[in-house]
Amino acid sequence: VLAVPVLFKQALENTEMEEGKSVSLRCELTKTDATVVWKKGEATLQASAKYEMKQKGTVAELVIHNAEPEDA
């Protein structure tokens, strides 16, 4: 059985954010419910009060609450 790789149909885009507000980053994949890992540099982000991960079908979303300049 030949495995088809998961690709981005819509990649992440640069997003302007306002300090103290929430910002949403989204991408769309070619496969439904593919495993998505969000990273900042080499660090893997974990769900918390600051980081909210959502995934529905082929769309994965990261919401950063109370955004700060360090979140760039």
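Return the label of the correct value of P(r) over Cα pairs in 5 Å bins from 0, in percent, as calculated from the structure shown, out of (1) 3, 15, 21, 18, 12, 11, 8, 6, 4, 1, 0; (2) 3, 16, 22, 22, 20, 12, 4, 1; (3) 3, 15, 24, 24, 17, 9, 4, 2, 1, 0.
Given (1) 3, 15, 21, 18, 12, 11, 8, 6, 4, 1, 0; (2) 3, 16, 22, 22, 20, 12, 4, 1; (3) 3, 15, 24, 24, 17, 9, 4, 2, 1, 0, the structure-derived one carries the label (3).
Sorting check: for 40-50, 58-68, which peptide has the highest mean count of neighbouring beta carbons within 10 Å, and how do the rest follow?
58-68, 40-50
Take the alpha-carbon centre of the stretch 28-59, take the same for the stretch 1-16, and report the distance between them in whole Å.
12
Among 16, 28, 52, which one shows the biggest mean-square fluctuation in a GNM of the chain, springs joining Cα atoms closer than 10 Å?
Of 16, 28, 52, the Gaussian network model singles out 16 as fluctuating most.
What is the chain's relative contact order, in percent, from Cα pairs under 8 angstrom and six or more apart in sequence?
Answer for the chain is 35 percent.
Taken together, the values in this text are just the output of simple stated rules run on the coordinates, not laboratory data. Just so it is clear, the model here is predicted, and its values are computed rather than measured. Every residue, glycine among them, receives a Cβ derived from its backbone with ideal geometry; neighbour counts consider all protein chains shown.
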